[in-house]
Amino acid sequence: MKNLLLLGGGGRECTLAWKLSQSTLCGNFYIAPGNAGTAGYGTNLPISVNDFAAIRQACLDHKIDILFPGPEDPLVAGIYDFFKNDPLLKHIIVVGPSKEGAQLEGSKAFSKKFMARHNIPTAAYKEFTRDSFEQGVAFIKRSDPPIVLKADGLAAGKGVVIAQTTIEAIRAFRAMVMDEQFGDASKKVVIEQFLDGIELSVFALTDGTNYVLLPEAKDYKRVGEGDTGLNTGGMGSISPVPFADQTFMQKVISRIVEPTVQGLKAENIIYQGIIFFGLIKVGDEPFVIEYNCRMGDPETEVVIPRLENDLVALILKMGEGKLSEVTVKFSERAAGAVMMVSGGYPGDYAKGKIMAGLEKVKGSYLFHAGTGLNDGKVVTSGGRVLAVTSLGSNIKEALAKSYENAGLIEYDGAYYRKDIGWEF
Ligand code: AMP
Ligand code: GLY
């Protein structure tokens, strides 16, 4: 039996908590900080994911064997190295890359250079800073819109601008590098070619040498139906992805997944954890839009319910560097998740709304995201509140079930997109 500490408190972590807690290898299980949903699968600890000292103490107090950081922040801040450099913590398996490996997500410039070194298909680009502002403007003027600008560092999902005109691009560029719109994160900016295609998310778990693929997924990022309106953290997801057929996935594996795993190893970048490939299919060809060093949210809410393996067993194999011994099995069934959010999200929204009807839900999983407990009642506590996930013989059937159950859940200002999976 292994004692586990999972970091995070969103829908991704609730789904991981649900899965990890089912393992016969799961001993004492803690989630920091967790939410009202994770409290049903383990013990929530009131610790921030970035408070390494408190996380360290919790690991010692609870004799933790496996640390699973859900979000990117602690990984990019170097929690892996923090553990491996501490004599009392270094035996703990950390599911995630070293600080250097996490740069695949933490620095767009780092990931673009890595892809260039390993011939991994991605949009053509150049990087600029305040010192090369004039060259950046000239580069924008030479490029055909739309023009994609990306703050180099983490910007809470807001660091990408797709400018439709040259003027808009120059304005966004100036705001990033000269006005430091995203602070240090936008001191450097990647300007890249716009790729026109359909996006999907592919996940690998690697031990640094071998890897296994998890089911692929697609998320729906825009707040409005028909993929309109502002970008959000994700309004729903599906898995499998119908357009990711075998021929396409073979290209993804040979041109992207394998060169990435081999490239990390060749460069001695320590990476034991999840590689999230944010891909775009242009014509029949895959390109990398971005790497992340953790699972996606809300992709996890459909990927994990389809995974038939024991997740703790997979993590232990990863820790031993023996993922080559593992065969990943996923359900033939399709999964569809509908994200219920607070009215106004991704702008301002109210919190603390009492939620009703959760007990009426039948035949779907409820993965809590922004929820909390107040006087024993479940209340909203964030923008994305709850994912309703169902399995079905196809995506339509799965989503029909999710919608039936989402309709039973009530709170002031509840909103969800009615068209997740509409194109399939
Ligand atoms: P990122 O933070 O890199 O995932 O970018 C956010 C979103 O911007 C992506 O999910 C895409 O929808 C879009 N995007 C980023 N880069 C490009 C690109 N080169 N071409 C087209 N769309 C892009
Ligand atoms: N759903 C996209 C992400 O987690 O970054």
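The values are calculated or read from the model by the stated rules, or taken from the named source; none is laboratory data. Every value quoted in this text rests on a predicted model; they were computed, and no experiment measured them. Cβ: placed from backbone, ideal geometry, glycine included. Neighbour counts: every protein chain shown.
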Looking at region 144-166, can you tell me whether even one residue there is within 15 Å of ligand 1 (Cβ to nearest atom), part of a loop (DSSP other than H, G, I, E, B), at negative phi and surrounded by 23 or more Cβ atoms within 10 Å (Cβ to Cβ)? yes
Restricted to region 167-188 and to residues being out of contact with any Ser or Thr (no Cβ under 9 Å at 6 or more places or on another chain) and in a loop (DSSP other than H, G, I, E, B), the residue surrounded by the most Cβ atoms within 10 Å (Cβ to Cβ) is Phe182
Listed by first then second residue, the pairs whose first member lies in region 285-297 and is at pLDDT 95 or above, whose partner is assigned to a loop (DSSP other than H, G, I, E, B) and near ligand 2 (Cβ under 8 Å from one of its atoms), with beta carbons under 9 Å and at least 6 positions apart or on separate chains, are Gly296/Gly234; Asp297/Gly233; Asp297/Gly234
Filter region 214-223 for residues that are out of contact with any Asp or Glu (no Cβ under 6 Å at 6 or more places or on another chain) and at pLDDT 95 or above; the one that is surrounded by the fewest Cβ atoms within 10 Å (Cβ to Cβ) is Val223
(1) farther than 23 Å from Leu5 by Cβ; (2) more than 16 Å from ligand 1 (Cβ to nearest atom) all hold for Val282 apart from (2)
Contact list, first residue from region 330-359 and farther than 30 Å from Pro215 by Cβ, second anywhere and charged (D, E, K, R) and surrounded by fewer than 20 Cβ atoms within 10 Å (Cβ to Cβ), beta-carbon distance below 6 Å, six or more apart or interchain, is Lys353/Asp412; Ile354/Lys377; Ala356/Glu410
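Would you confirm, using the coordinates I've provided, whether Ile280 is within 16 Å of ligand 2 (Cβ to nearest atom) and surrounded by fewer than 21 Cβ atoms within 10 Å (Cβ to Cβ)? Spell out the reasoning first.
Values: within 16 Å of ligand 2 (Cβ to nearest atom): yes; surrounded by fewer than 21 Cβ atoms within 10 Å (Cβ to Cβ): yes.
So Ile280 passes the test.
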Given the conditions (1) closer than 25 Å to Gly336 by Cα; (2) crowded, with 23+ Cβ neighbours inside 10 Å, every one holds for Met318 apart from (1)
Note: among Pro97, Pro87, Pro69, just one is surrounded by fewer than 18 Cβ atoms within 10 Å (Cβ to Cβ) and either over 20 Å from Ile269 (Cα atoms) or touching a helix residue (DSSP H, G or I) at 6+ places or on another chain (Cβ under 9 Å) (or both), namely Pro87
The number of residues in region 201-250 that are more than 16 Å from ligand 1 (Cβ to nearest atom), among the charged types (D, E, K, R) and over 14 Å from Asp419 (Cα atoms) is 2
Pairing a residue in region 412-424 that is under 16 Å from Val388 (Cβ atoms) with any residue that is modelled with pLDDT of 95 or more and among the aromatic types (Phe, Trp, Tyr), where Cβ atoms lie under 7 Å and the two sit 6 or more apart in sequence or on different chains, gives Arg417/Tyr220; Ile420/Tyr220
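Show me the strands (runs of 3 or more DSSP E) entirely contained within region 343-424 in which 2 or more residues are at pLDDT 95 or above and in contact with a helix residue (DSSP H, G or I) (Cβ under 7 Å, 6 or more places away or on another chain). Show your work before the answer.
Working: elements: 365-368, 371-374, 377-380, 384-392.
Those strands (runs of 3 or more DSSP E) span 365-368, 384-392.
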Apart from one, (1) crowded, with 16+ Cβ neighbours inside 10 Å; (2) in a loop (DSSP other than H, G, I, E, B) all hold for Asn268; the odd one out is (1)
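Can you find, within region 236-265, the residue that is nearest to Lys401 (Cα to Cα) among those that are assigned to a helix (DSSP H, G or I) and of a type in the set (A, V, I, L, M)? Break it down into steps so the answer makes sense when it comes.
From region 236-265, those assigned to a helix (DSSP H, G or I) are 246-265; that's our starting set.
Then keep just the ones that are of a type in the set (A, V, I, L, M); that gives 249, 252-253, 256-257, 261, 264.
Details: Met249: 28, Val252: 31, Ile253: 32, Ile256: 35, Val257: 33, Val261: 38, Leu264: 41 Å.
Result: Met249.
Does Val388 satisfy the condition of being of a type in the set (Val, Ile, Thr) and under 17 Å from Val302 (Cα atoms)? Spell out the reasoning first.
Values: of a type in the set (Val, Ile, Thr): yes; under 17 Å from Val302 (Cα atoms): yes.
For Val388, the condition - of a type in the set (Val, Ile, Thr) and under 17 Å from Val302 (Cα atoms) - is met.
Regarding Gly229, is this residue more than 20 Å from Thr300 (Cβ to Cβ), surrounded by fewer than 19 Cβ atoms within 10 Å (Cβ to Cβ), in contact (Cβ under 8 Å) with a residue 40 or more places away in the chain and out of contact with any His (no Cβ under 7 Å at 6 or more places or on another chain)?
On the way: more than 20 Å from Thr300 (Cβ to Cβ): yes; surrounded by fewer than 19 Cβ atoms within 10 Å (Cβ to Cβ): yes; in contact (Cβ under 8 Å) with a residue 40 or more places away in the chain: no; out of contact with any His (no Cβ under 7 Å at 6 or more places or on another chain): yes.
No: the conditions fail for Gly229.
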Those residues of region 68-107 that are closer than 18 Å to Met318 by Cβ and among the hydroxyl-bearing types (Ser, Thr, Tyr) come to a total of 2
(1) within 15 Å of ligand 1 (Cβ to nearest atom); (2) under 17 Å from Leu279 (Cα atoms); (3) assigned to a loop (DSSP other than H, G, I, E, B); (4) under 19 Å from the mean Cα position of the chain (by Cα) all hold for Asp196 apart from (4)
